[in-house]
Each structure stands twice: as structure tokens, then as C-alpha cells.
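Below is one structure, written out as C-alpha cells; comments come after it.
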Amino acid sequence: MFQELSQSMAALSFVDIFNFCVFVAFTCCYTYQLFYVFVVLTRKAPKAEAKKNHKFAVMIAARNESAVISDLLGSIKMQNYPQELIDIYVIADNCIDDTAAIARNAGATVFTRFNSEQVGKGYALDYGLKSIWKEFPGKGYEAYFVFDADNVLDVNYFREMNATFDGGAKASTSYRNSKNFDSNWISAGYGIWFLREAKFLNQARLTLNTSCAVSGTGFFIAADILENAGGWKWHLLTEDIEFSASSITDGVRIAYCPTAVLYDEQPTTFRDSWNQRFRWAKGFYQVFWHYAGGLFKGIFKNERGYKFACYDMLMTISPGMLLSIISIIFNAVIVVLGFMGVMSTGIAIASSLSSIFFCLFNYFMFMFVFGVLTTFVEWDSIRAKTSRKILYMLTFPLFMLTYIPIALVALVKKATWKPIKHTISVDVSDFSEAGSLESSRSTQPD
């Protein structure tokens, strides 16, 4: 009996030690993001002012986007910025609709691309960039903007981003809002996530003068960065995160402009959402595999700001979700072994069951708090009725819980790029008016 008790205590100790180590790892790695919240709520973000206007090229990779691309092009034409300093290039990538014709009629220069082997936005951007260099040499572009075809821009977008570029930024992302936040709980989940990313990650990084991260769309890259790279060389499944990790590893700081407002369309079906987030999860694993080593080494370099930027980016791409999954699987195995009689201790089983519960519960509550905080802080920026804002901040943690099976499947299943259909056309003037109001408020502490 004494031997059985000793075995039971040893099993319990092992389970508790494992779960405690997981808790400590999470706490050490991500507590700094709570400090980010404090920074945003107590300090103003710096405001950039431009001394001159610069010349930009816009690159839009579009695949069968005839339903929405005219809205983006229209919002660019409405910019409160000299139109002669903005040239628009659309890469019609494997299109079978009239995206190219619509873009040409709207005044854009169109490059058509057909390639069934090199599929993805990164390849399309590389083709477009090299086509610009080949066909329009000597244009003197100082930076290149990247947008998705479903985007719509606030009328002051380029004016605000120009100020950030004029301040010396080599790359910068912008404030990402949703044009269909109130479609359903899925689109709202995306909307809250991107608002949280803009407000409580990138704005804090801007205020603390560290590096931000590019996220999908709505950013610029200085011309010399792309020229030195020899084109768009980032071709992993998440080319935006790859660019961010690559840039920070090389010591290039990515800025953020909270007053440049962009709206984009979010998926509304779970199938599209699964496909998109599955590709993201797989892409994050790829970026971690390729860049974690360089970022880890950067933490120990002499430059203080560079060291923290490397740490922050490493935590961004680190598979923290995977650690949660490992914890859940480990404790589930203990429970199964207990019920099968392989382990004789009920104490260890109870400990594992409670660990699984609290792992999921803590994740749920963490996302709930961030959903509520983001919704209330960005209340006036969210285009939805009050009742829907309240409803969707409650469903946000459920949306985030669906990442757990996605991250698990991404470990073992191959991912391919699958297009997300965009169908929501909007009145550009409505969004420009709303965005202008946001621009005047977004640098004020809430």
C-alpha cells in the first residue's frame, strides 16, 4: 500500500510540475502584452507631421475581385493627397472574371499574370513589382503600398501615411477596421481581433518606439528595402508575417500610423474562415521555423530597442497555441491512462481534468476580457448597432476558441492557398467620412 501511495504521489507531482511549468512559460512570455494595454490607456501615441509630399506606387494583388475592386480604386481617387503622386498598379492574378477590365477603366495600370504553380499573394506582388521596374523605370517611387482588392481607404489615408514615411519610417502598417463587422459572429471576431492588434499591440509599440508588425494589408515599404531585396522575396503562406520577421531580424523597424484608417471585408462563413486561419496557422509555423533562430540571437545583441523588438516578434510567431494544445493533450492522456487502469491514482486524474478545464477557461476569459476592452475602447470606430456590439464582444472568445482545432490540424496537414470570395460593395464616401472622424480621435488616450 505504501508503494502504491508513493507511486500516486509521484504521478501527481509529475502532472503538477508539468502544468506549473506551462503556466510559468506563458506568464514569462506574454505578460509584457498587459503592459502594452497600460501604455495605450495612459499615454498618447506620437503624432507625425510631414514636411513634404512623397511619390508612391500602389500594388494590388487581385484574383477574381470584380465585385469590390472599384470601391478600393475609387477610395484612392478620393484621397486628400496629390493624385499625381500616386500611381496604381493592379496585378490581375489568375483571374477568370473582368477584374482587369474594371481596374483599367478606373485608371489603374494592370499586369495580368497566369501561373498555376507559384500561387499566392507573395508571388503576385513579386511579379507586379518587377513589372513596374521593367516597364516604368525612372518613375522615382519612394515607397510601395500594398492593399487587398476588398479594401476601402479613409480619405486622409495617404496624407497620414505620408507623414509617417516623411518621419523616416522604412515600412509602416496602418489602422485596420472592418467594413462588415456586423455581418455575423465570424466577421465580428475578425474585426475585434484586428482592432485589438492595432490598438493594443501596434499603438503600444509605436508609443514605446519599438517595431510593429505588418498584417496582411494596408502598409508601405520603402523603395530601397525592396530594391535591396531584389523584389518581393517573401513567399511563405503568411508573406506579411515573414516580411515582418525578416525585417526585424535585419534591424529594420516597422512603424505604425494610427490615423491612417483602412477597412476590409472579413469572411462570413465558417468554411472560409477555417481555410483562411488554417493557412495563417500553417504560415506562422513556417515563419517560426525559418526565423526563430535569428530573432532569438537578436535578443542578445547590444542594441536595446532592437533586442526587445526581436523578443516581441519571436513571441508573436511562437506557437503559443501549440503549448496550450500540448498541455491539453498531456493531461488528456493522463486521464485516459487512469480510466484504463494503467495509472492507479485518482488524484492525478482529478488534477489533469482540472488542468484541462482551467487551461480552456483561462484562455476563454483572457479573450473575453480583451474582447470587452477592445470593443469599449474602440466603440465609436465599430460600424454596428449597440446591441450587436455587445453580442459580438460576448461571442469573440468562442471565435478564438476555434483556433485550437485549427492550430492542431495545421501541425499535420498540408496547406495550400485558397481564395476568399469578396462580395460586399460599399459606399466609399460613407467610409471616408467615418474614417476621417476616427483619424481625429485615434491618437487620443481612451
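Taking the criterion of being open to solvent by less than 10 Å² (accessible area, probe 1.4 Å), within 13 Å of residue 159 (Cα to Cα) and in contact with a helix residue (DSSP H, G or I) (Cβ under 6 Å, 6 or more places away or on another chain), no residue of the range 76-92 qualifies. Count of the range 110-126 residues, restricted to those that are under 30 Å from residue 85 (Cα atoms), open to solvent by less than 50 Å² (accessible area, probe 1.4 Å) and without any contact (Cβ under 8 Å) to a residue 24 or more places away in the chain, is 3.
Results for (1) open to solvent by less than 10 Å² (accessible area, probe 1.4 Å); (2) within 27 Å of residue 425 (Cα to Cα); (3) not aliphatic (A, V, I, L, M), shown as yes or no for each residue.
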residue: 138; (1), (2), (3): no, no, yes
residue: 143; (1), (2), (3): yes, no, no
residue: 149; (1), (2), (3): yes, yes, no
residue: 154; (1), (2), (3): yes, yes, yes
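Residue check: residue 160 meets all listed conditions (1) part of a loop (DSSP other than H, G, I, E, B); (2) touching a Cys at 6+ places or on another chain (Cβ under 6 Å); (3) farther than 21 Å from residue 237 by Cβ but one, namely (1). For the range 200-214, filtering for residues that are in a loop (DSSP other than H, G, I, E, B), surrounded by fewer than 24 Cβ atoms within 10 Å (Cβ to Cβ) and touching a helix residue (DSSP H, G or I) at 6+ places or on another chain (Cβ under 6 Å) leaves 1.
For every residue, the table says whether it meets (1) of a type in the set (Lys, Arg); (2) open to solvent by less than 60 Å² (accessible area, probe 1.4 Å); (3) out of contact with any Asp or Glu (no Cβ under 8 Å at 6 or more places or on another chain).
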position	(1), (2), (3)
31	no, no, yes
48	no, yes, no
52	yes, no, no
57	no, yes, no
66	no, yes, no
74	no, yes, yes
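Only a single criterion out of (1) touching a strand residue (DSSP E or B) at 6+ places or on another chain (Cβ under 8 Å); (2) over 25 Å from residue 415 (Cβ atoms) is not satisfied by residue 228, namely (1).
Yes/no matrix, rows are residues, columns are (1) part of a loop (DSSP other than H, G, I, E, B); (2) at pLDDT below 75; (3) on the phi < 0 side of the Ramachandran plot; (4) of a type in the set (Lys, Arg):
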residue: 408; (1), (2), (3), (4): no, no, yes, no
residue: 424; (1), (2), (3), (4): yes, no, yes, no
residue: 438; (1), (2), (3), (4): no, yes, yes, no
residue: 446; (1), (2), (3), (4): yes, yes, yes, no
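Looking across 198, 188, 222, 213, one residue alone is touching a residue at least 24 places away in the same chain (Cβ under 8 Å), among the small types (Gly, Ala, Ser) and farther than 27 Å from residue 398 by Cα. It is 222.
If you go through the range 54-105 and pick out every residue that is over 22 Å from residue 117 (Cβ atoms), under 23 Å from the mean Cα position of the chain (by Cα) and among the acidic types (Asp, Glu), you end up with 1. Hey, can you tell me all the residues within the range 164-199 that are within 30 Å of residue 271 (Cα to Cα) and assigned to a loop (DSSP other than H, G, I, E, B)? The answer is 179, 180, 181, 182, 183, 184.
Flag not set for residue 234, criterion: open to solvent by 20 Å² or more (accessible area, probe 1.4 Å) and either in contact with a Ser or Thr (Cβ under 9 Å, 6 or more places away or on another chain) or without any contact (Cβ under 8 Å) to a residue 12 or more places away in the chain (or both).
Looking at 224, 240, 272, 250, can you tell me which residue is among the acidic types (Asp, Glu), open to solvent by 50 Å² or more (accessible area, probe 1.4 Å), under 23 Å from residue 122 (Cα atoms) and at pLDDT below 95? After ruling out the rest, the residue left standing is 250.
The values are calculated or read from the model by the stated rules, or taken from the named source; none is laboratory data. In this text, all values refer to a predicted model and were calculated from it rather than measured experimentally. As a convention, Cβ positions derive from the backbone with ideal geometry for all residues, glycine included, and neighbour counts pool all protein chains shown. Only protein heavy atoms, including side chains, enter the accessible area calculation; ligands, DNA and RNA are left aside. Shrake-Rupley method; radii C 1.70, N 1.55, O 1.52, S 1.80 Å.
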